[in-house]
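Worksheet: the structure to be examined is printed underneath.
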Amino acid sequence: MDKYKNKSRLKESTDGLDFVRMQTEVGLIDSMLRSKTLTAIVVVSILLFTGFFYFLFKIAISGI
């Protein structure tokens, strides 16, 4: 019996664009274009992350 008969095989692609599509950032942007909620969460997260590091920077500078 052929044990590999029913197993699906991966399709090999020679398309250079596939390497771009595999990137996490491209997937995130693609999902953000389809979801307003995800876009809002990402924007708010970036603002909070930036604000936190700005706060830490100001604390470090004032401590000198």
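Restricting attention to region 22-46, which residues are modelled with pLDDT of 95 or more and either at positive phi or part of a loop (DSSP other than H, G, I, E, B) (or both)?
SER35
Before we move on, is SER8 open to solvent by less than 100 Å² (accessible area, probe 1.4 Å) and at pLDDT below 75?
No: the conditions fail for SER8.
Based on this model, can you work out whether PHE19 counts as part of a helix (DSSP H, G or I), over 18 Å from the mean Cα position of the chain (by Cα) and of a type outside the set (D, E, K, R)?
Against the criterion (part of a helix (DSSP H, G or I), over 18 Å from the mean Cα position of the chain (by Cα) and of a type outside the set (D, E, K, R)), PHE19 does not qualify.
Report yes if some residue within region 53-61 is modelled with pLDDT of 95 or more and outside any helix (DSSP H, G or I); otherwise report no.
Looking for residues that are modelled with pLDDT of 95 or more and outside any helix (DSSP H, G or I), one finds none in region 53-61, hence no.
The values are calculated or read from the model by the stated rules, or taken from the named source; none is laboratory data. Not measured: the values here are computed from a predicted model. Only protein heavy atoms, including side chains, enter the accessible area calculation; ligands, DNA and RNA are left aside. Shrake-Rupley method; radii C 1.70, N 1.55, O 1.52, S 1.80 Å.
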